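See structure below.
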Amino acid sequence: MSNPQTREAVAVLYRVIRSEPRLRLGAVEALELAPLVAAWLARVGERDLADALLPGLPPRVYNPLKLLRIRLTRKMPPISGACSDQGAASGTRLGDCPSCRDPLGPSGVCLPCAGLGDRSKVRVGSGEAASAAGAAKVRAAWRAAQSASRPLALA
């Protein structure tokens, strides 16, 4: 365990689970989870890690290593800058495909209209899934959420 990153990951893991007796781990088990914990720490802080691991534990934990590995893997946060607010942070906004009016990223035409992808059976702007007015409302709400730099809350 000579790697400083591994040592730090193990130390953080032990600090996070210290208050929970159902999550007792041995040194070998903590070393096994260290790469996942290090990946978490590269993305978020110790408090977020605790919030992902501790709430909602079953009354009896038979295999703490497996439970922690599953939670560390399934709840892994995105790499900083790779979330859906990336366009809003960079000042770009969503556009509409000039051909089908489906919402798309900041540039170009959607993949199906460019002949590079298969369009699913549902087209947003075509009225097959929703009316054009409904699609326009969704686009407006998305743009408002992006301009306010906050996540979109759908009711």
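For the peptides 56-69, 32-45, the ranking by mean Cβ contacts within 10 Å, running from highest to lowest, is 32-45, 56-69.
Other residues lying with their Cβ under 13 Å from the Cβ of Leu68 contribute a combined charge of +4, Lys and Arg counting +1, Asp and Glu -1. Calculated FRET efficiency, Asn3 to Val28, Cβ-Cβ distance, R0 = 22 Å: about 0.90 to the nearest 0.05. Using a probe of 1.4 angstrom and keeping all protein chains present, the accessible surface of the range 1-74 works out to 59 square angstrom per residue. Projecting label points 7 angstrom from Cα along Cα→Cβ for Arg74 and Ala42 puts them 2.4 nm apart. Apply the a/c threshold of 1.5 to the C-alpha gyration tensor of the range 1-85 and tell me whether it is rounded, prolate or oblate. It is oblate, given that a/c is not under 1.5 and a/b is not larger than b/c.
The values are calculated or read from the model by the stated rules, or taken from the named source; none is laboratory data. Because the structure is predicted, anything quoted here is derived from the model rather than measured. Virtual Cβ from ideal backbone geometry, glycine too; neighbours counted across all protein chains shown. Ligands, DNA and RNA are stripped out before the accessible areas are found, and what is left, the full protein with its side chains, is counted by its heavy atoms. Shrake-Rupley method; radii C 1.70, N 1.55, O 1.52, S 1.80 Å.
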